[in-house]
Amino acid sequence: MTKRRVEFEYSPRRWQKEVLAAFARARLSVIVAHRRAGKTEAVVIRLLVAAMTLDRAHPAPFFGYVAPFLNQAKAVAWDRLKYYSRSLLASSLAKANESDLTLTLWNGSSIRLFGADYPDRLRGLGFDGVVMDEVAQMKPDTWPSVVRPALADRGGWAVFIGTPKGVNVFYEIYQKALSEPESWYSGAFPADATGVISEDELASLRREMGDEVFRREFLCDFTADASGTFIDFQAVYEAARAERPVVNTAPLVFGLDVARYGDDRTVLLTRRGRVVEDLLVWRGQDLMWTSSKTAEYINRYKPRAVFVDVVGLGAGVVDRLRQLGHKVIGVNSGAKPGREDKYANLKAEMWDKMRQWLQESAVIPAREDLKKDLLSPTYDFDGSGRLRIESKDSLKKRGLPSTDLADALALTFAQPVAASDFRACRPKFAEMD
């Protein structure tokens, strides 16, 4: 096949460069970005590059852009697709069919726009790649039952793009991507990170739109519409942006939340004073493996205290670590709190201390899974007026994942920890993997 050089005008922003590079590595991708960030431009370029460069035996490579409605797909993507392929259209290397919204290239590849309002029209097609725009507004079976099988025989790729609209299908896909980084690329791009909109304009938008709408549309907060959440969004938002101190003399503390069920995560987190130093997440490992891994980190970093959740399988980990000679503290979150007049159980007390800590110049990693865990639970009060935090079982009934990362952090507030000699070694789990 004769190689052809094609040039088209496109100057990606910094965040768009990141996702375009990631598309080349990941078969499945999800992009959460604020309004007017340039999501559509990025995926249109993805479609064009793929259509021009796919080297395979199939005689007619086929790509799709799927929006909730066909007229929406046309309004959002069709003009952009023609704009970025205008040099191809001008030189007759591409042809745009206005009736069926298809762009056909000289090499036989084609890109077609679809609406998901009649998903059965997508059945029987085979895609080499597809973009799903605002999947939460589509019928629930559009992706798993219609589009996903259409990628199977060609090994096609998929990209999901959107802006949060509460906890829904798009949120679930994003959480899946976060939990399976070996298979997915996930990227979240709030307005304060992309630089697309000026700070003055963002401040004006916040005043005019109100806090909840602004958080959802411009700060990519899936929980913005949730009422009764215990921890304030702004506190988590500021903690994830805060600068780490150069010197930190506080005692090092570990929190280990052990997975109870198959979908839960085991999380080992380290905190030194107001800073979360690092955290490690894993799934599917037995108690002996978990105990051995935790012992490795204890031996290397010598924490002042190690708190382990003993609800469920955690008691076995505590027993094994003690057999290995480590002084660990088992924590039952359902136990009596120190302030029985204020808290219904120890979990409520730990979460309240963590909430106060977040409001006092805390520093946490800018990880979406940690932020979402912190912001998911609601709260109420029992018959005696004592604080209660929503349980993991209740969260799952609402379709939310277990808050394992936040619970590991909360464990570090189970008991006061005395100061110790400062150790300059900062825990970095990646160094030992």
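The values are calculated or read from the model by the stated rules, or taken from the named source; none is laboratory data. Everything quoted here is computed from the prediction, not taken from an experiment. Because the Cβ atoms are built from the backbone with ideal geometry, glycine has one as well, and the counts that use them run over all protein chains shown.
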(Q) Of everything in region 23-48, what is hydrophobic (A, V, I, L, M, F, W, C) and closer than 22 Å to Ala191 by Cα? Give them in sequence order. (A) Phe23, Val30, Ile31, Val32, Ala33, Ala37, Ala42, Val43, Val44, Ile45
Q) Based on what the data block shows, is Ala24 within 25 Å of the chain's Cα centre (by Cα) and free of Cβ contacts under 8 Å to residues at least 24 places away in the same chain? A) yes
Q: Look at Glu296 and say whether it is within 17 Å of Met354 (Cα to Cα) and modelled with pLDDT of 90 or more.
A: no
Q.
Name the residue that is modelled with the lowest pLDDT, counting only residues in region 15-48 that are surrounded by fewer than 17 Cβ atoms within 10 Å (Cβ to Cβ) and among the hydrophobic types (A, V, I, L, M, F, W, C).
A. Ala24
Q) Considering region 223-249 alone, what residues qualify as being at pLDDT below 80 and either assigned to a loop (DSSP other than H, G, I, E, B) or farther than 19 Å from Glu368 by Cβ (or both)? A) Thr223, Ala224, Asp225, Ala226, Ser227, Gly228
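Okay, residues lined up against (1) at pLDDT 95 or above; (2) in contact with a helix residue (DSSP H, G or I) (Cβ under 8 Å, 6 or more places away or on another chain); (3) farther than 24 Å from Pro416 by Cβ:
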{"residue": "Leu280", "(1), (2), (3)": "no, yes, yes"}
{"residue": "Met288", "(1), (2), (3)": "no, yes, yes"}
{"residue": "Lys302", "(1), (2), (3)": "no, no, no"}
{"residue": "Val306", "(1), (2), (3)": "yes, yes, no"}
{"residue": "Gly314", "(1), (2), (3)": "no, no, no"}
{"residue": "Gly334", "(1), (2), (3)": "no, yes, no"}
{"residue": "Asp341", "(1), (2), (3)": "no, no, no"}
{"residue": "Met350", "(1), (2), (3)": "yes, yes, no"}
Q. Within region 66-121, how many residues are touching a residue at least 60 places away in the same chain (Cβ under 8 Å) and part of a strand (DSSP E or B)?
A. 3
Q | Listing of helices (runs of 4 or more DSSP H) fully contained in region 151-217 that carry 3 or more residues being within 25 Å of Leu28 (Cβ to Cβ) and at pLDDT below 90 | A | 169-179
Q: Considering each of Ser361, Ser292, Ser333, Ser384 in turn, give the residue that is closer than 16 Å to Val258 by Cα, of a type in the set (Ser, Thr, Tyr) and surrounded by fewer than 19 Cβ atoms within 10 Å (Cβ to Cβ).
A: Ser292
Q | Residues that are buried (at least 17 other Cβ atoms within 10 Å of the Cβ) and within 19 Å of Ala116 (Cβ to Cβ), drawn from region 169-211 | A | Val169, Phe170, Tyr171, Ile173, Tyr174
Q. Can you pull out the residues in region 152-190 that are under 16 Å from Lys17 (Cα atoms) and of a type outside the set (Phe, Trp, Tyr)?
A. Val159, Ile161, Ser186, Gly187, Ala188, Pro190
Q: Mind counting the residues in region 356-394 that are part of a loop (DSSP other than H, G, I, E, B), of a type in the set (Lys, Arg) and within 13 Å of the chain's Cα centre (by Cα)?
A: 1
(Q) Yes or no: region 213-220 includes at least one residue that is surrounded by fewer than 18 Cβ atoms within 10 Å (Cβ to Cβ) and either farther than 23 Å from Ala188 by Cα or among the aliphatic types (A, V, I, L, M) (or both). (A) yes
(Q) Anything in region 122-150 that is among the aromatic types (Phe, Trp, Tyr) and in a loop (DSSP other than H, G, I, E, B)? List them, or say none. (A) Phe127
Q | Search result, residues across region 305-337 that are assigned to a helix (DSSP H, G or I) and either among the polar types (S, T, N, Q) or free of Cβ contacts under 8 Å to residues at least 24 places away in the same chain (or both) | A | Ala315, Val318, Asp319, Arg322, Gln323
(Q) So Phe254 ticks every box in (1) hydrophobic (A, V, I, L, M, F, W, C); (2) within 20 Å of the chain's Cα centre (by Cα); (3) in the same structural domain as Pro365 (by TED's automatic domain parsing) but one. Which box is left unticked? (A) (2)
(Q) Could you list, ordered by first residue, the pairs with Cβ atoms under 6 Å in which the first is in region 338-362 and in the same structural domain as Asp404 (by TED's automatic domain parsing) and over 14 Å from Leu411 (Cβ atoms) and the second is of a type in the set (A, V, I, L, M) and part of a loop (DSSP other than H, G, I, E, B), at least 6 apart or interchain? (A) Arg355/Ile231
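Rundown of residues vs (1) closer than 26 Å to Asp393 by Cα; (2) within 18 Å of the chain's Cα centre (by Cα); (3) not assigned by TED's automatic domain parsing to the domain that holds Met350, yes/no style:
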| position | (1), (2), (3) |
| --- | --- |
| Arg241 | no, yes, no |
| Arg260 | yes, no, no |
| Asp264 | yes, yes, no |
| Arg272 | no, no, no |
| Val275 | no, no, no |
